[in-house]
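For reference, the structure discussed in these notes is given below.
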Amino acid sequence: MTIREFYTVIGGNYDEVLGRLQHEELVRRFVKRFLIDRTHENLVAARNNNDVASAFRAAHTLKGVAASLGFDGLTTTASVLAEKLRPQTGFPDDEYFSAVGREYDRVIAAAGQLED
């Protein structure tokens, strides 16, 4: 899959990201690095450990990384989750974590199909 096809599959804006990063190879490199990013893993661990503060930080970080890379669906779901966690008074419904997980899985699956 080409990098442009990847962005089509995930519903992202390739041209916007390319405009920011300037080189297709740089876009591809950062997308591939996302495959080893541990932010989502940290979010899941924080949820499993009932650590609201760490979950907020992970959701907020995931939102920022996703926004920088033009992963629009993941940006949106992570943003909503971060806002639900912001008061740090408890965990929101699991549906918010599930929505982030679905978008994350979609990005990871597509990124894994990128040609070298």
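Among residues of segment 45-61 being in contact (Cβ under 8 Å) with a residue 24 or more places away in the chain and aliphatic (A, V, I, L, M), the one that is surrounded by the fewest Cβ atoms within 10 Å (Cβ to Cβ) is 53.
Residues in segment 77-112 that are of a type in the set (Val, Ile, Thr) and out of contact with any Asp or Glu (no Cβ under 8 Å at 6 or more places or on another chain): 80, 89, 100, 107, 108.
As a summary of the residue check, residue 68 satisfies the conditions (1) of a type in the set (Gly, Ala, Ser); (2) closer than 24 Å to residue 113 by Cβ; (3) in contact with a Leu (Cβ under 6 Å, 6 or more places away or on another chain) except for the one numbered (3).
Within segment 97-116, restricting attention to residues that are more than 19 Å from residue 38 (Cα to Cα) and out of contact with any Phe, Trp or Tyr (no Cβ under 8 Å at 6 or more places or on another chain), the residue that is surrounded by the most Cβ atoms within 10 Å (Cβ to Cβ) is 115. Has segment 76-91 got at least one residue that is at pLDDT below 95, among the charged types (D, E, K, R) and out of contact with any Pro (no Cβ under 7 Å at 6 or more places or on another chain)? The answer is yes, given that some residue of segment 76-91 is at pLDDT below 95, among the charged types (D, E, K, R) and out of contact with any Pro (no Cβ under 7 Å at 6 or more places or on another chain).
The values are calculated or read from the model by the stated rules, or taken from the named source; none is laboratory data. Just so you know, these numbers come straight off a predicted model, no measurement behind them. All Cβ positions, even for glycine, are placed from backbone atoms using ideal geometry, and neighbour counts span all protein chains on display.
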